[in-house]
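Undergrad: Below you'll find the structure I mean.
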Amino acid sequence: QVQLVESGGGLVQAGGSLRLSCAASGKMFSTNAMGWYRQTPGKQRELVASITSGGSIFHADSVKGRFTISRDNAKNTVYLQMNSLKPEDTAVYYCKASLTNGSGTRSEYWGQGTQVTVSS
């Protein structure tokens, strides 16, 4: 069973920084991609950033220049460095991993989410 373990969320003042971490553990063959999503009450979950095993990176327009996604493929771990945080960044942040198992089957896994609160 594959699990995603997230850490790094918390409360920070506007303009501050946080770094989120997400590690995939368990039986797996390879990681195709990992990413970060966020969701606030009453809103649809949105993609914040993603990175593939080949190094292709995406950042949402709302976080470009402030957030940076990175990945350690060997450890199946993804990070989200968040700088210049704004109150509108307040959300539950979820890690997602796209994995291929030993049978060649692709599956997606989600973390439990970590709360990021930015005060003004």
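Undergrad: Report yes if some residue within segment 82-91 is basic (Lys, Arg) and either more than 11 Å from the chain's Cα centre (by Cα) or more than 17 Å from residue 113 (Cα to Cα) (or both); otherwise report no.
TA: yes
Undergrad: Would you point out which residue out of 52, 68, 100 is among the β-branched types (Val, Ile, Thr), out of contact with any Cys (no Cβ under 7 Å at 6 or more places or on another chain) and at pLDDT 95 or above?
TA: 68
Undergrad: Being aliphatic (A, V, I, L, M) and out of contact with any Gly (no Cβ under 8 Å at 6 or more places or on another chain) is the filter here, so list the residues in segment 4-27 that pass it.
TA: Answer for segment 4-27, where residues must be aliphatic (A, V, I, L, M) and out of contact with any Gly (no Cβ under 8 Å at 6 or more places or on another chain): 11, 12, 14, 23, 24.
Undergrad: Just name the residue that is most open to solvent (accessible area, probe 1.4 Å) out of those in segment 71-115 that are more than 19 Å from residue 58 (Cβ to Cβ) and hydrophobic (A, V, I, L, M, F, W, C).
TA: Step by step, filter segment 71-115, then rank; the result is 74.
Undergrad: If a residue has to be in contact with a strand residue (DSSP E or B) (Cβ under 6 Å, 6 or more places away or on another chain), closer than 21 Å to residue 87 by Cα and open to solvent by less than 40 Å² (accessible area, probe 1.4 Å) to count, how many in segment 11-24 make the cut?
TA: Total satisfying the criteria: 4.
Undergrad: Suppose we keep only residues that are crowded, with 16+ Cβ neighbours inside 10 Å and either of a type in the set (Ser, Thr, Tyr) or assigned to a strand (DSSP E or B) (or both) within segment 25-44. Which one would you say is modelled with the lowest pLDDT?
TA: Per the criteria, the residue is 31.
The values are calculated or read from the model by the stated rules, or taken from the named source; none is laboratory data. Values in this document were obtained by computation on a predicted structure and should not be read as measured data. Using ideal geometry, Cβ is built from the backbone for each residue, glycine included, and neighbour counts are taken over all protein chains shown. What goes into the accessible areas is simple: the full protein's heavy atoms, side chains included, and nothing from ligands, DNA or RNA. Shrake-Rupley method; radii C 1.70, N 1.55, O 1.52, S 1.80 Å.
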